[in-house]
1. If a residue counts only when it is open to solvent by less than 10 Å² (accessible area, probe 1.4 Å), which helices (runs of 4 or more DSSP H) contained entirely in the stretch 46-148 have at least 3 such residues?
2. Being within 16 Å of the chain's Cα centre (by Cα) and closer than 30 Å to Ala11 by Cβ is true for just one of Ile286, Ile226. Which residue is that?
3. Out of the residues in the stretch 293-313 that are assigned to a helix (DSSP H, G or I) and closer than 19 Å to Ser332 by Cα, which is nearest to the ligand (Cβ to nearest atom)?
4. With surrounded by fewer than 17 Cβ atoms within 10 Å (Cβ to Cβ) and among the aliphatic types (A, V, I, L, M) as the only criterion, which of Val250, Val214 stands out?
5. When both residues are 6+ apart or on different chains and their Cβ atoms are under 6 Å apart, which pairs have a first residue that lies in the stretch 301-323 and is farther than 22 Å from Gly232 by Cβ, and a second that is more than 14 Å from the ligand (Cβ to nearest atom)?
6. With the requirement that a residue be in a loop (DSSP other than H, G, I, E, B), out of contact with any Asp or Glu (no Cβ under 7 Å at 6 or more places or on another chain) and not polar (S, T, N, Q), what does the stretch 314-330 give you?
7. Can you say whether Asp219 is farther than 19 Å from Gln85 by Cβ, modelled with pLDDT of 95 or more, touching a Ser or Thr at 6+ places or on another chain (Cβ under 8 Å) and surrounded by fewer than 18 Cβ atoms within 10 Å (Cβ to Cβ), as far as the supplied structure shows?
8. Let me confirm something: among Gly279, Gly314, Gly339, Gly294, which residue is out of contact with any Gly (no Cβ under 6 Å at 6 or more places or on another chain), more than 27 Å from Ile213 (Cβ to Cβ) and either at pLDDT below 95 or not polar (S, T, N, Q) (or both)?
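The values are calculated or read from the model by the stated rules, or taken from the named source; none is laboratory data. This structure is a prediction, so every number in the text was calculated from the model and none was measured. For neighbour counting, all protein chains shown are included, and Cβ atoms are generated from backbone atoms with ideal geometry for every residue, glycine included. Please note that ligands, DNA and RNA were not included when accessible areas were found on the heavy atoms of the full protein model with its side chains. Shrake-Rupley method; radii C 1.70, N 1.55, O 1.52, S 1.80 Å.
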Amino acid sequence: MTYQRIAAEEAFAPSEILDRYRVLLDEGYRDPGFHSLWGFYLDNPDPRIRQVLARMSDLGDLRLGDMDRTGIAKQILSLTAPGVQVFDAAEGTVLARSSNDFVADAIRRHPDRFAGLAAIAPQDPIEAAKELERGVNKLGLKGAIVNSHTYGEYLDDPKFWPIFEAAEALNVPIYIHPTTPSPAMIGPFLERGLDGAIFGFAVETGLHLLRIIVSGAFDRFPRLKIVAGHLGEGLPYWLFRIDFMHSRMVSANRYATVKKLRRKPSEYIKENVYVTTSGMAWEPPILYAQSVLGVDRVLYAMDYPYQFVPEEVGVTDNLPIADEDKKKLYQSNAESVFGL
Ligand code: MN
């Protein structure tokens, strides 16, 4: 059995955006999570961290060499967290466009090796929907990336739904990627250094996904596809309890915002959501996710350049699963979800 290894959550950042992050740090931007994340990367003299940054803005030989050494046939590129979601609406919209032009140019140079998702600025939902449309129709991008909260707001707010409407109409997924927890909940994470990829990312992004599900967004947009990394940010482990408690809360009728949905929460996770293995190169949870969500729902991702550990590809290569299921994990699920 032969397959191509397609990695579905691979980060890049144009140096223009890294420069703007530098300015936000210096100006004392108001989100403590941003300072924790980008203060760590931009102020860190450790050569390994400098390497991560060098890889981040390279969409040429450095990256392609790394892909060759790890047997990655293709990367699906997305603008790293927090994307353009920390700028004001006008600047975010402009930077999303230039970032999308930048990645589209790299894809034109290496069409066999790269595909990409469109950065959007949810701060202006109408412009974000338009940029998604331009990204897909004009630039050949395969969906949108949203780096979780925008100024502490989540996509379950109907003001953002023009973005869902566009994604559904274009038949492309929205990848909800982590960022640090929103300002309203980051305090206890920061105290113990747990705000980043160690756990805070998963809490923030799992919450975001669950908010979308219980909001009824998938009843309104039944063909909307959401992709989540890190094996679903914990949610697949919670399906039974989420269903049980959601139905109890609906019948108790105590919360104005908890409404009856057409289906159980777990059914949306199984039918509207896809998960990738980014940062989770560990056999037990990969097999678990496949067993509860189905082998058509789990896609491979590396999380380059943050978690560029070449040996981790071996974990996926050696999974005790049928060859055709391995091909789904590495290749065919990504081809079908992103329309490659
Ligand atoms: Mn990532």
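1. On the way: elements: 47-56, 61-70, 89-109, 125-137.
Hits in the stretch 46-148: 61-70, 89-109, 125-137.
2. Values: Ile286 fails: within 16 Å of the chain's Cα centre (by Cα).
Checking each option against the conditions leaves just Ile226.
3. Looking only at the stretch 293-313, we keep the residues that are assigned to a helix (DSSP H, G or I), and these are 293, 312-313.
When the remaining residues are screened for being closer than 19 Å to Ser332 by Cα, the result is 293, 313.
Details: Leu293: 19, Val313: 16 Å.
Here the answer is Val313.
4. On the way: Val214 fails: surrounded by fewer than 17 Cβ atoms within 10 Å (Cβ to Cβ).
So the residue among Val250, Val214 that is surrounded by fewer than 17 Cβ atoms within 10 Å (Cβ to Cβ) and among the aliphatic types (A, V, I, L, M) is Val250.
5. Cβ pairs passing all conditions: Pro310/Thr70; Asp323/Met1.
6. Scanning the stretch 314-330 gives Pro320, Ile321, Ala322.
7. No; evaluated as a whole, the condition is false for this residue.
8. Values: Gly279 fails: more than 27 Å from Ile213 (Cβ to Cβ); Gly339 fails: more than 27 Å from Ile213 (Cβ to Cβ); Gly294 fails: more than 27 Å from Ile213 (Cβ to Cβ).
None of the others qualify; the one that does is Gly314.
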